[in-house]
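Below you'll find the structure, written out as structure tokens, and then a few comments.
The values are calculated or read from the model by the stated rules, or taken from the named source; none is laboratory data. Quick caveat, the model's predicted, so the values are computed rather than measured. Here Cβ is always computed from backbone atoms with ideal geometry, including for glycine, and neighbour counts include all displayed protein chains.
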Amino acid sequence: MTVYSLETKNIPNQEFSMTINNIDITIQLKAGPQGITLATVSTSTSVIAESVPCFANQVILPYPWMESEINGNLVFITEKDEYPYWENFGTSCNLYFYDLEDLEDG
């Protein structure tokens, strides 16, 4: 199982990059309306998803073709199914990258 814990900060808008499976991935998180976090995911060559609303314990990239672009997907794991929001990043809300093989295994 290949799962990466991604460090998020307690600030409303942030961007960070990483290389996983030889793919450069950039994630931008923005505080959206009514306590919703919006995510933009891109690689060095294309924007995969822009301003996608994030929900607790659900994948961020909604379509298989998007997952194939980065060989995985991103999930906010939260306590008590609370919405992922910058005020609880790193405490009761953490962001993880799951490898595509792990997603297929269920």
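Below are the figures for this structure:
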{"item": "Residue match in segment 62-74 (condition: among the hydroxyl-bearing types (Ser, Thr, Tyr), in a loop (DSSP other than H, G, I, E, B) and out of contact with any helix residue (DSSP H, G or I) (no Cβ under 7 Å at 6 or more places or on another chain))", "result": "yes"}
{"item": "Whichever residue in segment 17-32 is of a type outside the set (A, V, I, L, M) and within 20 Å of SER68 (Cα to Cα) and, among such residues, is surrounded by the most Cβ atoms within 10 Å (Cβ to Cβ)", "result": "GLN28"}
{"item": "Top-ranked residue in segment 33-45 [being of a type outside the set (A, V, I, L, M, F, W, C) and modelled with pLDDT of 95 or more; ranked as surrounded by the fewest Cβ atoms within 10 Å (Cβ to Cβ)]", "result": "THR43"}
{"item": "The lone exception for GLU82 - which of (1) within 19 Å of LEU103 (Cα to Cα); (2) touching a helix residue (DSSP H, G or I) at 6+ places or on another chain (Cβ under 9 Å) it fails", "result": "(1)"}
{"item": "Tally, over segment 5-32, of residues that are of a type in the set (S, T, N, Q), within 14 Å of the chain's Cα centre (by Cα) and under 13 Å from PHE89 (Cβ atoms)", "result": "4"}
{"item": "Residue tally, condition within 11 Å of the chain's Cα centre (by Cα) and in contact (Cβ under 8 Å) with a residue 24 or more places away in the chain, over segment 57-91", "result": "7"}
{"item": "Which numbered condition ASN71 misses (of (1) closer than 17 Å to TYR4 by Cα; (2) surrounded by fewer than 19 Cβ atoms within 10 Å (Cβ to Cβ); (3) touching a Phe, Trp or Tyr at 6+ places or on another chain (Cβ under 8 Å))", "result": "(3)"}
{"item": "Some residue of segment 28-35 being polar (S, T, N, Q), free of Cβ contacts under 8 Å to residues at least 60 places away in the same chain, within 19 Å of VAL3 (Cβ to Cβ) and in a helix (DSSP H, G or I)", "result": "no"}
